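The values are calculated or read from the model by the stated rules, or taken from the named source; none is laboratory data. This is a predicted model, so every value here is computed, not measured. So basically every Cβ, Gly included, is an ideal-geometry build from the backbone, and we count neighbours across all protein chains shown.
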Amino acid sequence: MFKHFKDSMLAVAGGALLALMVVCNSQLARYTSSVFSSWVAHGTGAIVALLLAQLSTRTQGKNARSGARSTSSPLWFYLGGIPGAFTVILAALAVNGPLSLSGAIALMMVGQVMFGLVSDYFGWFRTPIRRIRAGDLLVVVCVLSGSAMIIFGGQHG
């Protein structure tokens, strides 16, 4: 039970950090360009990831320092930065449009849920195959409805 709660809280924290990233990058894109803000975001992210990797290597002891990793991973496993770069660019464009941060994040969540359901259904990217249930479709409808309320509810007149 606690592990499920902990994982859920980590996911919520990740979502909050994603929203923070989107707003920072959209502000940078407003004064530069969405492509430049993506370069800055990923460059900064790479530096922070390297520092965290160094820190975790030092704190985990000799086994972690040996760098013993399985080399059997397909090369496409390392391509996660490509959709990440497009996410930053598209989010910066959306936030600087009429959607606002909350509307853009809400619609990004719709895209994530829908892609996740399709990916789980077909087992794409080695995800466990999972049937789409009626409750899953209800979730999509609720998230879409909430997104519409966020986007259109704040407009007056």
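List of remarks:
- Unmet requirement for residue 100, which otherwise passes all of (1) at pLDDT 90 or above; (2) surrounded by 14 or more Cβ atoms within 10 Å (Cβ to Cβ): (1)
- Which listed residue is surrounded by 15 or more Cβ atoms within 10 Å (Cβ to Cβ), hydroxyl-bearing (Ser, Thr, Tyr) and touching a Leu at 6+ places or on another chain (Cβ under 9 Å), from 38, 147: 147
- Helices (runs of 4 or more DSSP H) contained in the stretch 35-150 and holding at least 3 residues over 25 Å from residue 22 (Cβ atoms): 62-65
- The single residue among 57, 71, 87 that is surrounded by 12 or more Cβ atoms within 10 Å (Cβ to Cβ), among the hydroxyl-bearing types (Ser, Thr, Tyr) and at pLDDT below 85 turns out to be 57.
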